[in-house]
1. Output the number of residues of the range A:368-422 satisfying the condition of being at negative phi, at the interface with another protein chain (Cβ under 8 Å from one of its Cβ atoms) and part of a loop (DSSP other than H, G, I, E, B).
2. Which one of the conditions (1) within 27 Å of the chain's Cα centre (by Cα); (2) more than 30 Å from residue B:350 (Cβ to Cβ) does residue B:378 fail to meet, given that it meets all the rest?
3. Just one of the numbered conditions (1) assigned to a loop (DSSP other than H, G, I, E, B); (2) at the interface with chain A (Cβ under 9 Å from one of its Cβ atoms); (3) among the hydrophobic types (A, V, I, L, M, F, W, C) is not true of residue B:449; which one?
4. Scan the range A:437-446 for residues that are part of a helix (DSSP H, G or I) and facing another protein chain (nearest Cβ under 10 Å) and jot them down.
5. Going by the conditions given, is residue A:98 more than 11 Å from every other protein chain (Cβ to nearest Cβ), more than 28 Å from residue A:140 (Cα to Cα) and crowded, with 17+ Cβ neighbours inside 10 Å?
6. Among the residues of the range B:318-333, is any outside any loop (DSSP other than H, G, I, E, B), among the aliphatic types (A, V, I, L, M), surrounded by 24 or more Cβ atoms within 10 Å (Cβ to Cβ) and more than 7 Å from chain A (Cβ to nearest Cβ)?
7. Output the residues belonging to the range A:1-44 that are small (Gly, Ala, Ser) and either under 23 Å from the mean Cα position of the chain (by Cα) or within 30 Å of residue A:88 (Cβ to Cβ) (or both).
8. Which condition number in (1) surrounded by fewer than 21 Cβ atoms within 10 Å (Cβ to Cβ); (2) within 14 Å of another protein chain (Cβ to nearest Cβ) is the one that residue B:105 fails?
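The values are calculated or read from the model by the stated rules, or taken from the named source; none is laboratory data. It should be emphasised that the depicted structure is a prediction, and the values quoted were computed from it without experimental measurement. Reconstructed Cβ throughout: ideal geometry from the backbone, glycine too, with neighbour counts over all protein chains shown.
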2 protein chains.
Amino acid sequence: MKPVHPGESGGQYKPLSHKDVTAVLENSFRILEEIGFNQATPHCIKTCTAYGAEMGDDDRLRIPRKVVKKAIESSNRDLVLHGQDPAHDLHVTGSRVYFYTPGAAGMIADPVNKTNRDALAQDLYDMSRISDTCEHIHIFQRTNVLCDIKDNYAMDLNTTYNSVMGTTKHVGSSWTEAHHLEKTLKLLHLMAGSEEAWRARPFVSQSNCFVVPPMKFAEESLECLRIAVEGSMPVLLLSAGQAGATAPACLAGTVSQAWAECLGGLVYVNAIKPGAPAILGTWPFVSDLRTGAMSGGSPEQGILSAACAQIGQHLDLPTGTGCGMSDSKLPDFQGGAEHASNVAIAALSGANVIYESAGMYASLLSACPESLLMDNDVLGACMRMVKGVTVNEETLAFDVTKDVCLSNKGHYLGSDQTLKVMQTEYIYPEFYNRLSPNDWSDAGKPEALSEAVQRKEHILATHFPKHVSDEVDDKIRAEFPVFLSKKALGR
Amino acid sequence: MKPVHPGESGGQYKPLSHKDVTAVLENSFRILEEIGFNQATPHCIKTCTAYGAEMGDDDRLRIPRKVVKKAIESSNRDLVLHGQDPAHDLHVTGSRVYFYTPGAAGMIADPVNKTNRDALAQDLYDMSRISDTCEHIHIFQRTNVLCDIKDNYAMDLNTTYNSVMGTTKHVGSSWTEAHHLEKTLKLLHLMAGSEEAWRARPFVSQSNCFVVPPMKFAEESLECLRIAVEGSMPVLLLSAGQAGATAPACLAGTVSQAWAECLGGLVYVNAIKPGAPAILGTWPFVSDLRTGAMSGGSPEQGILSAACAQIGQHLDLPTGTGCGMSDSKLPDFQGGAEHASNVAIAALSGANVIYESAGMYASLLSACPESLLMDNDVLGACMRMVKGVTVNEETLAFDVTKDVCLSNKGHYLGSDQTLKVMQTEYIYPEFYNRLSPNDWSDAGKPEALSEAVQRKEHILATHFPKHVSDEVDDKIRAEFPVFLSKKALGR
């Protein structure tokens, strides 16, 4: 008996008219056909030209629309993101909506002392543990950089390790070099029990920035992409252009470019392995054109994400977007307003996976542990909006209304129906305060933040997931440069 | 050159399917036909039965659907809410969206000292002056009760006076007794220059709670309604049932009851004077069913408001709703999150007028002056969402994209288009902070609230609208018990 479940169906908000959708897609196809990508790798060129793409004299890989349509056709549109615990399996399809934590802040925000400091390895494990307790955070994506690990291989490896050890949910991560990923896959095989077991239920996805907008492939990322696809790891094909800087300043142009870039990635994925699990990561960001700085909390960010999601719905492809970060430096009024309104509209648009939907500040520079908990209330509310209004004979409640009015009861408080639906029609926040001003004052003026600070401390002192056994952990530690001590993991 | 204007067109978010809309409306018609209202006044009974309604043996006024449809047909669907300054005239029609301040808090929240105190007459004048400076607050509705005025007539009169004196925008107010309204109309005639001038451009609306849900008329309010209609004052037909308490616990039932009640009011208005200016005020509220207390910040509030607005769009009637208040006691994370997400979805649903969209806390018990300014940023962002994505050949920007990619410029920062659209595609907040963590720290860690506190103090020290001349003000003071001194008005 819960008011919302993971994967409620969105799509009630359509920022674009049908004509607009067609015009944007036509523009995306033209970009792929007439402009194409530069800096393709030899493997990408070979695989994609064999699939029907064309290499130009100007070293740009162009993709005719019939080739793009073939890739769209053969794409996986019924994707399962496996949890480490099968209870957290997510079925990414249609207009189902899921929430992901953000990715890769260099700093951790302390909202009590109002400071930002370098993010560390321990922080990532802690963020994962906090997210593990949050009902409406469905996937844990590595939230921060590990500034205390200087070696890139060790950083990539420990990023996955710390994320996976802190939660039984599906995890998202990323890799800077192909051989780091190859090694990490071996670690994941150990965790899964065997390579076969991993391939049957891959519980880690790759966020892959295969393109440097506009329309330039990122060579090392293409290699990581290939290895992920070959290794049965789901990929997020991430196009993160910034409107006005690395994407057109007009939103329609930015959406077009994002979709052109992601469809280009989809062609490569399907050319390697038709139907390999991939999420179209149309993540256009926004520039504040007065300064050139990114503005993740702007309303244009919400609009861009929703419009991209609508195109994804139209193509019936699993679509993700990055939305919900704030430009504020801490979870204040601005933080709440920017998080909640942008996630709400992206969720209502039916974006399958909304990344950056919890805990992210200063656009994406800083992550806040306490905010994960407060954002869990935001995300629950957004999911409730997605669930919407259930209309049927019972919920229309004509007979109940008639009884209350004609019997002169005057209110519905005592109706059987009221008691019956209080856990299904209504969601109750954990940290938000609903007391009257006087009761609130008597209670010591609790705020969502003060409550979240307390809860965070409790979680970090007590919540040490043990789904990876000590035996497996010892094997991992014998083979890989694990940074955190066993003690840090509560073992 | 502004990114948004008052009255951008919403309706992109449709919480209900077409089938659901039909089912809800059918249920509303049944409620009017089979249940009807009790406690109608003699004038209401006489006027409505002459129009086709039927009085039952059980003293309930029932309205057959053909009579309701006649009223819908003859309704004013092309309404102008006149500003005192014609620059603030608002054309309420179709799916145009406008933002109204809230109504009638008993307390004023001080977000710096985190206290709530009784609201006073001076506060109302101050709230009006602050709202006068806010671009995205289009109408000033009396925000608070005047606890320092004990006499009800003086309170009603000064509520209108203080509101009107602080802003040149359209004003909303309410009256507890019919003869208070009659006197206030005389005051408004003085302000307008003559009764004729008032009737040509009535610049004050009445919020009228003509119904005590479920389905019981409020007798004194019906009289106020009649006087407003006869006096050319636009009316907001306000049904403020509380789901689970005075309306069904199921949202579909609550929407049905709200629409039944408002359509009943519309029948009375059109029976008095076909086409008299009226806004359908479907304002269902939400109960926290664990305590019975109202929860204005809940996501169910946003959903209810949006669903009501969608029905209004379907009937092509001017529709208002109450949405955007927070359950928090001050503008913190919760305050921002609840304000912004609920206003965003109500606005996207195409609610013509969104009341309670700025400054309202503790559900509706407390109003916060500083929050009006911060909410102006919220409302600007919501209006930007409503404006959405403009799709045409220029905004699709194929040629710009081609140029940037093929010339290897690599970015759009220097494109003519980027400069050209920076004031039309993007909205820039006034109080939100977009600095990087380091720059923010160097700047003394400004937050939206600290900036708003400063701005509020400046406005209250300097902004004294003088659109009502001293001569007219003297005439008003000679005839009516004006509470605030001339000095308080900066005269």
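1. Selection size over the range A:368-422: 9.
2. With respect to (1) within 27 Å of the chain's Cα centre (by Cα); (2) more than 30 Å from residue B:350 (Cβ to Cβ), residue B:378 is out only on (2).
3. (1)
4. To start, the set of residues in the range A:437-446 that are part of a helix (DSSP H, G or I) comprises A:437-442.
Within the range A:437-446, A:437, A:438, A:439, A:440, A:441 qualify.
5. Numbers: more than 11 Å from every other protein chain (Cβ to nearest Cβ): yes; more than 28 Å from residue A:140 (Cα to Cα): no; crowded, with 17+ Cβ neighbours inside 10 Å: yes.
Considered against the rule, which asks whether it is more than 11 Å from every other protein chain (Cβ to nearest Cβ), more than 28 Å from residue A:140 (Cα to Cα) and crowded, with 17+ Cβ neighbours inside 10 Å, residue A:98 comes out as no.
6. Looking for residues that are outside any loop (DSSP other than H, G, I, E, B), among the aliphatic types (A, V, I, L, M), surrounded by 24 or more Cβ atoms within 10 Å (Cβ to Cβ) and more than 7 Å from chain A (Cβ to nearest Cβ), one finds none in the range B:318-333, hence no.
7. Kept after step one, since they are small (Gly, Ala, Ser), are these residues of the range A:1-44: A:7, A:9-11, A:17, A:23, A:28, A:36, A:40.
Correct list: A:7, A:9, A:10, A:11.
8. Here residue B:105 meets the rest and fails (1).
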